[in-house]
Amino acid sequence: MEHEDISKADPEVHDALEKEAERQESEALEMIASENFVPRQVLQAQGSLMTNKYAEGLPGKRYYAGCEHHDTVENLARQRACDLFGADHANVQPHSGSTANFAAYFALLDQGDRVLGPSLDDGGHLTHGHPVNFSGELFDFDFYTLDSETGKFRREDVLKAAREHDPELIVTGFSAYPREFDFEMFAEVADEVDTYLMADVAHISGLVAADVHQQPFPHCDVVTTTTHKSIRGARGGMILCQDEHADTIDKSVFPFAQGGPLMHQVAAKAVSFKEAQKPRFEDYARQIRRNAEVLAEGLRGQGFDLVSGGTDTHLVLVDLRDTDLTGKQAERRLEENGVVSNKNAVPDDPEPPQVTSGIRLGTPALTTRGMGEAEMREIADLIGDVLLRDEDRSDAVEQLLQEFPLYRNSEVDY
Ligand code: DSN
């Protein structure tokens, strides 16, 4: 076998990798709420030779020989995940959050069963029953809605929708909801209508792991998450559950939904969960929330209207309907200044999903860079200058990126 450095073996891909490293380090103030930067130890595990092995099955019960070391890393990942989330059982093999939701639904439901979830317009996710997604196609979803006055979910609305739809499962957890996820309230409703409760904590899993957000267990039967957002780990998914669901969850991941697990990703999940167990991760998660609060204050000070008026989590949802900009225009204008965010529907949005009337801004990635409250104030001012006064603030963005290096200056190579 010929081993060559990637720069020689494939200059085109190498060039794109170099440019992406430069973009992340020096060109983009990353405010997409679902993105983050992993530490190099996670990149090392992801780039490891664990990619070379098939390991269908579970530790101690594999379908292929030679999985001893794969068992070690998967057991470490499972145990650390259970410790972080207070779960009885973890399956760390889902390739993504969508696959985790797919497997979780089929562990709890039969095709065609009724499910109640949040709609995409109210901060939910495509896999929460949207008609273009498998979830909307394979299950009979209906939706509880956000109270448009407060921008929050109210118990009476969820209960009313649950009584009307009589679901076998209620899904809670959101991709664009800035407020604390009230698992206890959803569990009360689920108890009242005698149904399972599943939480998709993909966005807030770092906050939950660090215990700076309400815990989904013991309120939920099953919890799904991605492993790369606020928890700052390897890209992928995971399912956590109470003991009674462990077997069905495992079987629903493999052989039902997936084949061989991506063991280099499982190894990297284990490494990132160890990071999340360290005291410095709790400080990080606290700072994510504080930064989001300060960003929200600053944006309100600039005159922006925020969905629900503020945030309890890692993200802020700006309603642009009072401005002359759509979400799409705002996203573009911010990007021209080096601020990377995403257009996002706001409740009762009159614009289609490709346009929208909002932008979603998150703090996990900037907090990873070491930015704090002073920088959030500066960024809120800068966003006001760019969106409300059409000023060019790209120099200020460049300056911030230089002051807070990401991988530059690290002694560990990958
Ligand atoms: N794409 C993710 C997000 O941005 O919220 C959800 O899958």
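The values are calculated or read from the model by the stated rules, or taken from the named source; none is laboratory data. These numbers were taken from a predicted model, which means no experiment stands behind them. Every residue, glycine as well, gets a Cβ built from its backbone with ideal geometry; the counts of neighbours run over all protein chains shown. Ligands, DNA and RNA are stripped out before the accessible areas are found, and what is left, the full protein with its side chains, is counted by its heavy atoms. Shrake-Rupley method; radii C 1.70, N 1.55, O 1.52, S 1.80 Å.
Could you check what % of the DSSP bridge pairs in the chain are antiparallel, to the nearest 5?
Around 55 percent antiparallel, to the nearest 5.
Given the C-alpha centroids of the range 269-284 and the range 344-394, what is the distance between them in whole angstrom?
Cα centroid to Cα centroid, the span is 27 Å.
Have a look at the DSSP beta bridges in the range 87-235 and tell me what percent are antiparallel, nearest 5.
Details: 1 of 15 bridges.
So the antiparallel bridges in the range 87-235 amount to around 5 percent.
May I ask you to give the solvent-accessible area per residue for the chain, in square angstrom, as obtained with a 1.4 angstrom probe?
Numbers: 17980 Å² over 414 residues.
For the chain, the solvent-accessible area averages 43 Å² per residue.
How large is the Kirkwood hydrodynamic radius of the range 1-42, counting all unique pairs of alpha carbons, in Å?
Working: mean 1/r = 0.0805 Å⁻¹.
Its Kirkwood hydrodynamic radius stands at 12.4 Å.
Which residues' amide hydrogens lie under 5 Å from the amide hydrogen of Lys152, considering only partners 5 or more residues apart or on another chain, with H built in the peptide plane?
Those qualifying (amide H under 5 Å, at least 5 residues apart or on another chain) are Asp147.
Among Tyr284, Gly362, Ser341, pick out the residue whose Cα is farthest towards the positive end of the charge dipole of the range 275-414, where Lys and Arg carry +1 and Asp and Glu carry -1 on C-beta, about the Cα centre.
After comparing all options, I get Tyr284.
Assigning unit charges at the beta carbon (Lys, Arg +1; Asp, Glu -1) and nothing else, what dipole magnitude in debye, to the nearest 20, does the chain show about its Cα centre? Numbers along the way, then the final one.
Working: 39 positive and 76 negative charges, 187 e Å.
Roughly 900 debye, rounded to the nearest 20.
Using only helices, what value at 222 nm comes out for the chain when you add -39,500 (n - 2.57) per DSSP H run of length 4 or more and divide by the total residues, to the nearest 500 deg cm²/dmol?
Computed ellipticity for the chain at 222 nm equals -12000 deg cm²/dmol.
List the relative contact order of the chain as a percent without decimals, with contacts defined as Cα pairs under 8 Å and 6+ residues apart.
Details: 845 pairs, mean separation 92.4, N = 414.
That works out to 22 percent.
From Cα pairs below 8 angstrom and at least 6 apart in sequence, can you work out the relative contact order of the range 131-188, rounded to a whole percent? Before the final figure, lay out the partial values.
Numbers: 27 pairs, mean separation 14.0, N = 58.
Relative contact order of the range 131-188: 24 percent.
Let me make sure I get this right: for the chain, a, b and c are the square roots of the gyration tensor eigenvalues over alpha carbons, sorted descending. Under 1.5 in a/c it's rounded, otherwise prolate if a/b > b/c, else oblate. Which is it? List each step's numbers first, then the result.
Working: a/c = 1.80, a/b = 1.06, b/c = 1.70.
Oblate, since a/c reaches 1.5 and b/c is not below a/b.
Over the Cα atoms of the range 343-399, what radius of gyration and what Dmax do you get, in Å?
13.7, 38
First compute the accessible area of the range 305-414 with a 1.4 Å probe, then give the percent of it belonging to carbon and sulfur atoms.
Working: 1910 of 4910 Å².
Exposed carbon and sulfur together represent 39 percent of the surface.
In whole Å, what are the Cα extents of the range 137-241 along the three principal axes, biggest one first?
Principal axes ranked by extent give 40, 32, 28 Å for the Cα atoms.
Over the Cα atoms of the range 118-162, how large are the radius of gyration and the largest Cα-Cα distance (Dmax), in Å?
11.1, 33
I need to check one value: relative contact order of the range 76-217, counting alpha carbon pairs closer than 8 Å and at least 6 residues apart, in percent.
Working: 216 pairs, mean separation 31.1, N = 142.
Relative contact order of the range 76-217: 22 percent.
Pop out the carbon and sulfur fraction of the accessible area of the range 169-232 as a percent, whole number, probe 1.4 Å.
Working: 560 of 1520 Å².
Within the range 169-232, the accessible surface is 37 percent carbon and sulfur.
Please state the equivalent ellipsoid semi-axes for the range 1-120: what are the square roots of 5 times the Cα gyration tensor eigenvalues, largest first, in whole Å? List each step's numbers first, then the result.
Numbers: eigenvalues 207, 121, 48 Å².
Semi-axes (√(5λ), whole Å): 32, 25, 16.
Kindly rank 113-126, 260-273 from highest to lowest mean number of other beta carbons found within 10 Å of each residue.
Values: 113-126: 22.7, 260-273: 24.6.
Output ranking for 113-126, 260-273: 260-273, 113-126.
Is the range 233-366 rounded, prolate or oblate when judged by the Cα gyration tensor, a ≥ b ≥ c being the square roots of its eigenvalues, rounded requiring a/c under 1.5 and prolate requiring a/b larger than b/c?
Values: a/c = 2.38, a/b = 1.74, b/c = 1.37.
Prolate is the answer for the range 233-366, as a/c is 1.5 or above and a/b outweighs b/c.
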